[in-house]
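Quick notes on the structure that follows.
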Amino acid sequence: MKAVIIDDEALARRELRRLLAEFSWLEVLGEAANIDEAAVTIEALSPDLIFLDIQMPGGSGFDLLARLDRVPNVIFTTAYDQHAVRAFEVNALDYLLKPIEPERLAAALQRVNNAVALPMPQRQVLEQMFVRDGARYWFIPLREVRLLSAENNYVRLWWRKMQPLVARPLSAIEQRLEPKCFFRANRSEIINLEFIENVHLGINGGLQVQLRGGPEVEISRRQARLFREQTSI
Amino acid sequence: MAFSLTVSNYQFFHRDTRPAYWLVQGAAWSAYGTVNAVAAALVVHLPWQRAAVEMAFFSSLGLVLSHTLRLFMRHRAWQGLPLSARIPRILVASFLVGALAALLTRFLGFAAWRSEELAIGWSGLQPLVSFLVQLLNWMLLFLVWSAFYFSALAIRHRQLAELHEAELARALQASELRLLKSQLNPHFLFNALNTVRALIADEPARAQRAVTQLARLLRYTLGAGQDDLVTLKQELAIVEDYLGIEALRLGERLGIERDIAPQALDMRIPVMLLQTLVENAIKHGIAELPPGGVLRIYAGLVQGTLVLEVENPRPEHVVPAAQEGIGISNARTRLLLLVGPRATLDLDLSNPRRALARVRLSPTV
């Protein structure tokens, strides 16, 4: 497994590297001292795992995650910000308090290892987005999103009871979606096929799709033909 | 803290004492008049009606004159005078007011009864003696009145001072607690421990030095409540320990420029004042900048006034109000409580890329 260490303190990075030397199956590919460096490093090396400090100059660890298109597994390392990590509503990954205890580190790595070792279909769950909505943060597995709707330059994710906004164009997210699962219903909405409750004819030759947990989405006439072919209705 | 102090003092200083004053005045003079009238009726066998009229007159005259005396004394701020200056003034004032009272009594025809009815026959001198007895009587009365008045004032002042002191102590204690909280910044502490652990294996000598510095810093911070004022020299030593640890963490990102005038070293400043400013400069300035920056510490004497400056670069996107956090406002409160109005603490954020904290401590007058 490939990992990257992100911390603004050189000595903290050195210490973590030393602790990680125990785990032969883990390879530390690189380091970054701030979030700009980190974004470039992660883009270039696509690690499976990042160790991420929260307080850093120029932007926090959360700022970095919100910027990433593909979010790897994250283990937060922090001296005292555990309350910040706990701000995660769900899907919180692990956090380690500095100075890091070797036993805690081993347990955290074991958890990541288990997650990565899952069979393929479940692994797709790991295709996740980091979303910040006000003071709350989520790692959102895209498979669990039932509807993505464009709102100006934002995309609203309909996920469980939440509808957080993401500052990205819909087309950028569409590229990362599993085409077998997601379908472009109209100019501004993409639906998750696994969440369809029922379909009935709409006006103008389109289709009305009722999603489990709401809402109702209209499939445009042009897309309706494609929809029928793809789902063989 | 500073705010609540002001508010409660305001209420205390401006508590309305007028009802109490008039109640005591009214009661005292009524009692005096009643005693006089009863004495006149029983001892001198004056008719009751006349005694009643006399009672009303004496009470009213005493009330009006003593109140006038009070207005005059307040106007001249006698309560602020030392006793040696106040007592002669009270004697003279009592004499004058007593004379006025005696004259009024005489001309309104009330004073005659004592000598006439007692029929002390000092013939020619008799009116003058009678007048002088009246004057002395009134003067004594106003002396006693003044004694009561100033005693009451003194008691009230003392209560006020005690309350003020208690409030100050409370404020100090509270700010001391908050100071400890901000100084034993857990983030700093745990990061420092992590740094030390990273050094132990490869650079034990640096690790040892860091532990010593951290220990000194902790001891100074924990004991900061014992001495309110320390010399600049003592404070600078602890700032150096703090900077030593921060330098390990920040590495090349932290540059330090010191410009300390030797004659300023013995000046006394509130404990942890400079330390708070330096910590603030690193936390909100240099640590927030990816390339870091240079921290500038200046201390000098300008015409006897100690000037301390801590200057740092800061991220441009931070809104100006952000740096004026708990640390600065805390330091300012402590400065006010410990040194009073001869000290000022300003945070100059006019330059969007730099922050400059400046303390001025003028010498005791």
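Structure above, values below:
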read-out: Modelled label reach - A:Thr231, point 7 Å along Cα→Cβ, the range A:134-154 residues with backbone N closer than 17 Å; value: A:144-149
read-out: Whole-Hz ³J(HN,Hα) from phi, Karplus 6.51 cos²θ - 1.76 cosθ + 1.60, for the range B:208-223, glycine and proline x; value: 4, 5, 5, 5, 4, 4, 5, 5, 4, 4, 5, 5, 4, 5, 5, x
read-out: Length released on extending from B:Arg219 to B:Ser151, taking residue separation times 0.36 nm less the Cα-Cα span; value: 19.7 nm
read-out: Helical segments meeting 20 Å axial Cα length and Kyte-Doolittle -1.0 threshold in chain A (DSSP H); value: A:102-116
read-out: Residues A:Glu174 and A:Asp133, FRET efficiency given R0 of 22 Å [Cβ-Cβ distance, rounded to 0.05]; value: 0.55
read-out: The range A:2-117: C-alpha gyration tensor shape, a/c 1.5 cut-off, then a/b vs b/c; value: rounded
read-out: Over the protein assembly as shown: helical MRE at 222 nm, DSSP H runs n ≥ 4 each giving -39500 (n - 2.57), nearest 500; value: -17000 deg cm²/dmol
read-out: Over the range A:133-231: Rg over Rh, Cα atoms, Kirkwood Rh; value: 0.96
read-out: Relative contact order of chain A, pairs being alpha-carbon contacts under 8 Å that are 6 or more residues apart, as %; value: 10
read-out: DSSP-defined beta bridges in chain A - what % are antiparallel, rounded to 5; value: 60
read-out: Antiparallel DSSP beta bridges within the protein assembly as shown, as percent of all bridges there, nearest 5; value: 70
read-out: Sites A:Arg104 and A:Ala44, calculated FRET efficiency, Cβ-Cβ separation with R0 25 Å, nearest 0.05; value: 0.30
read-out: In Å, descending, principal axis extents of the Cα set of the range B:215-365; value: 45, 35, 27
read-out: Long-range lysine pairs (8 or more apart or interchain), the protein assembly as shown, Cα under 30 Å; value: 8
read-out: The protein assembly as shown - Kirkwood radius from inverse mean 1/r over Cα pairs (Å); value: 32.1
read-out: Kirkwood-Stokes translational diffusion coefficient of chain A, alpha-carbon pairs, 4 °C, 1.567 mPa s, µm²/s; value: 67
read-out: For residues of B:247-254, the mean tally of beta carbons on other chains within 10 Å; value: 3
read-out: FRET E, pair B:Glu167, B:Phe72, Förster distance 30 Å, beta-carbon r, rounded to 0.05; value: 0.35
read-out: Cβ-defined net charge surrounding A:Lys2, 11 Å radius [Lys, Arg +1; Asp, Glu -1]; value: -2
read-out: DSSP loop GluC sites (Glu not before Pro) with at most 16 other Cβ within 10 Å excluded, longest remaining stretch of chain A; value: A:128-233
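Read the figures in this text as sums done on the coordinates, not as results from a lab. Bear in mind the structure is a predicted one, so any value in this text is a computation, not a measurement. Virtual Cβ from ideal backbone geometry, glycine too; neighbours counted across all protein chains shown.
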